[in-house]
There are 2 protein chains.
Amino acid sequence: MSIITIERKVLEKNDEVARANRELFLNHGVFAINIVSSPGSGKTSILERTLTHLKKKIKVAVIEGDVQTDFDAQRIAALGVQAIQIVTKGGCHLEAPLVKEALASVDLANVQLLIIENVGNLVCPANYDLGEAMKVVVASTTEGDDKPLKYPGMFRNASVLIINKVDLLPYINCRIDVLKKNALSINPSLHVFETSCTTNAGIGEWCDWLEKNILKTR
Amino acid sequence: MSIITIERKVLEKNDEVARANRELFLNHGVFAINIVSSPGSGKTSILERTLTHLKKKIKVAVIEGDVQTDFDAQRIAALGVQAIQIVTKGGCHLEAPLVKEALASVDLANVQLLIIENVGNLVCPANYDLGEAMKVVVASTTEGDDKPLKYPGMFRNASVLIINKVDLLPYINCRIDVLKKNALSINPSLHVFETSCTTNAGIGEWCDWLEKNILKTR
């Protein structure tokens, strides 16, 4: 039995559970997004700004994936939003069965938007469907403008690209136009937003777009 | 056959080849380091500064690991240093057999320092020994001060921590003392350097320390 065969089996099993998760979301009118990025690109900060912006209008729940610690779930819970922490204990990505398990603690009938924050990893989470409506990839300006070309899988499988930390552009060597061009060369249908969690730039545009998409599916 | 059994087998096979690589390095008096980090933390920039600092004194070769593209090998070759590019085509980390294969193109008798730059990933490369004398983990200040606690495996298995992009500290919300404390709580024997590839701060200290360690092993 080759490694490739086993990986395919792992993915097949994952995709089977992901399909069941997706059906569950559809049946409950839940719009689910899977946020992916490198460690430290600002996923949790964007999540905090997004929740602050939307939580009065939209019923939200959050699933947090981390290799270790429940720091992120604590940050979300501090905003008064339900947050379930999955600790992978070394695992480099979330898989659909872990999400299914976490969903047992969520009252889906009372949720319009489910945000799943994946483990910080720009490679492995690209291949694992969790049942989400879309993947949102966050790329920080500080990571440089070449990342879409060097890690194409994630940008290919995402529907949205959030370019975060635009407030740092004056101090770093990142050409945002090149970053966007590189991302669109990998995936021309990406919706691109430019944000800063320090100045709040772009958070409104992103939240308005997200809100429209949530309401569209109901 | 369970997944865990298979992963153990993959690791066992890897470690066997890693042992052979290590023996090869010892026989040729080659000091090998494995540089690991998140995408965009500045591994290649640190490598460029290190080579500029050391290449007149020390004979160096570089193996570059990337998911896609040979951009990094091009950057190194531009400095007149031999660079072998491994493209993993989606693979999330380097493994010892890939390094062994790349070594076929390196004249080890003419190398004192071999730098292996791993795929940008703060999770998976932690578990794969390539035969190196030490892992060097790079953490960018822009990733935040909580990363050692959230991704402990990499910090536990490294001998050196380079905190990069210290020039950005005035503009971001990262407490460098907390970052260091968190890293040392995971691994008290880490040697810590603070660098900036923009101002060159700390590059000299890191290169002096590295040079001493290279000479010690010969």
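The values are calculated or read from the model by the stated rules, or taken from the named source; none is laboratory data. From a predicted model like this one, the values you see are computed outputs, not experimental measurements. Please note: Cβ atoms are built from the backbone with ideal geometry, for glycine as well, and neighbour counts cover all protein chains shown. Calculation scope for accessible area: heavy atoms of the full protein, side chains included, ligands and nucleic acids excluded. Shrake-Rupley method; radii C 1.70, N 1.55, O 1.52, S 1.80 Å.
Over the Cα atoms, compute the radius of gyration (one decimal) and Dmax (the largest Cα-Cα distance, rounded to a whole number) for segment B:126-165, in Å.
Cα radius of gyration and Dmax of segment B:126-165 are 10.5, 30 Å respectively.
Please find, in a Gaussian network model of chain A (springs between Cα atoms separated by less than 10 Å), the residue of A:23, A:64, A:48 whose mean-square fluctuation is greatest.
Result for chain A, Cα springs under 10 Å: A:23 fluctuates most.
Looking at segment B:78-156, which trypsin sites (Lys or Arg not before Pro) are in a loop (DSSP not H, G, I, E or B) and have at most 13 other Cβ atoms within 10 Å?
Those that pass, being in a loop and sparsely packed, are B:89.
Counting only protein heavy atoms, what percent of the accessible surface of segment A:61-218 is carbon or sulfur at a 1.4 Å probe?
Exposed carbon and sulfur together represent 49 percent of the surface.
So for the pair residue A:208, residue B:215, with labels modelled 7 Å out along Cα→Cβ, what separation do we get in nm?
Label at residue A:208, label at residue B:215, 6.3 nm between them.
For segment B:20-108, report the accessible area per residue in Å² (1.4 Å probe, heavy atoms, rounded to an integer).
That works out to 40 Å² for each residue.
Given the C-alpha atoms of segment A:25-91, compute the convex hull and give its volume per residue in Å³.
Dividing the Cα hull volume of segment A:25-91 by its residue count gives 96 Å³.
Using a/c under 1.5 as the rounded threshold, could you call segment A:146-218 rounded, prolate or oblate? The axes a ≥ b ≥ c are square roots of the C-alpha gyration tensor eigenvalues, and prolate needs a/b larger than b/c, oblate otherwise. Please report the intermediate quantities before stating the final value.
Working: a/c = 2.88, a/b = 1.18, b/c = 2.43.
Cα axes put segment A:146-218 in the oblate bin.
Quick check on the protein assembly as shown: of the DSSP beta bridges with both residues there, what percent are antiparallel, nearest 5%?
Of those bridges, close to 0 percent are antiparallel.
Give a residue-ordered list of calculated ³J(HN,Hα) values for segment B:28-41 (Karplus: 6.51 cos²θ - 1.76 cosθ + 1.60, θ = phi - 60°; whole Hz; x for Gly, Pro).
9, x, 9, 8, 10, 10, 10, 8, 10, 4, 5, x, x, 7
Under the rule a/c < 1.5 gives rounded, and otherwise a/b versus b/c splits prolate from oblate, where does segment B:1-115 land using the Cα gyration tensor? Walk me through the numbers before you get to the answer.
Working: a/c = 2.31, a/b = 1.42, b/c = 1.63.
Oblate, because a/c is 1.5 or more while a/b does not exceed b/c.
At residue A:28, label 7 Å along Cα→Cβ: distances to the other copies, nm, ascending?
5.7
Report, in deg cm²/dmol and to the nearest 500, the calculated mean residue ellipticity at 222 nm for chain A, where each DSSP H run with n ≥ 4 adds -39500 (n - 2.57) and the sum is divided by the residue count.
About -12000 deg cm²/dmol.
Assign unit charges at the C-beta atoms only (+1 for Lys and Arg, -1 for Asp and Glu), then state the dipole size of the protein assembly as shown relative to its Cα centre in Debye, rounded to the nearest 20.
That gives a dipole near 160 debye.
What is the mean projected area of the alpha carbon convex hull for segment B:68-218, to one decimal in square nanometres? Write out the running numbers ahead of the final one.
Details: hull surface 39.0 nm².
Convex hull of Cα atoms, orientation-averaged projection: 9.8 nm².
When each pair of different Cα atoms in the protein assembly as shown is counted once in the 1/r mean, what is the Kirkwood radius in angstroms, to one decimal?
Working: mean 1/r = 0.0447 Å⁻¹.
Computed over the protein assembly as shown, the radius equals 22.4 Å.
Connecting C-alpha atoms closer than 10 Å in a GNM of chain A, tell me which of A:109, A:20, A:158 has the biggest fluctuation.
Most flexible of the set in this elastic network: A:109.
Report, for residue B:134, each distance to the same residue's label point in the other copies, shortest first and in nm; define the point 7 Å along Cα→Cβ.
Inter-copy label distances (nm, one decimal, shortest first): 4.6.
Placing a label point 7 Å from Cα toward Cβ, how far apart in nm is residue A:104 from its equivalents in the other copies, listed shortest first to one decimal?
Nearest to farthest, the other copies are at 5.0 nm.
Taking θ = phi - 60°, what integer Hz values does the Karplus form 6.51 cos²θ - 1.76 cosθ + 1.60 yield along segment A:85-98, in sequence order, with x for Gly and Pro?
Each residue's phi maps through the Karplus curve to give 9, 9, 9, 7, 6, x, x, 8, 6, 7, 10, 4, x, 5 Hz.
Which value, in debye to the nearest 20, gives the size of the charge dipole of segment B:158-218 about its Cα centre, when Lys and Arg are +1 and Asp and Glu are -1 at the Cβ?
200
Would you mind calculating the gained length between residue B:100 and residue B:9 on full extension (0.36 nm times residue separation, minus the Cα-Cα distance), in nm to one decimal?
30.9 nm
Of B:125, B:170, B:97, which is the most mobile in a GNM of chain B whose springs link Cα atoms less than 10 angstrom apart?
Answer for the Gaussian network model of chain B: B:170.
Once you place label points 7 Å from the Cα toward the Cβ at residue B:200 and residue A:27, how far apart are they in nm?
Distance between label points: 6.5 nm.
Can you give the charge dipole size of segment B:1-146 about its Cα centre, rounded to the nearest 20 debye, using +1 on the beta carbon of Lys and Arg and -1 on the beta carbon of Asp and Glu?
Values: 15 positive and 19 negative charges, 97 e Å.
The calculation lands at about 460 debye.
Using the Karplus curve 6.51 cos²θ - 1.76 cosθ + 1.60 with θ = phi - 60°, what ³J(HN,Hα) values do you get for each residue of segment A:148-154, in whole Hz, with x for Gly and Pro?
x, 6, 7, 10, x, x, 5
Please say if segment B:81-141 is rounded, prolate or oblate, where rounded means a/c under 1.5 for a ≥ b ≥ c the square roots of the C-alpha gyration tensor eigenvalues, and otherwise the choice is prolate for a/b larger than b/c and oblate otherwise?
Prolate.
State, in square angstrom and to the nearest 100, the accessible area buried between chains A and B, both chains counted, probe radius 1.4 Å. Intermediate values should be presented prior to the final figure.
Numbers: alone 10400 and 10400 Å², together 18140 Å².
That pair of chains buries around 2700 Å² in total.
So, in nm, how far is label residue B:16 from label residue B:181 when the simple model puts each one 7 Å beyond its Cα toward the Cβ?
4.7
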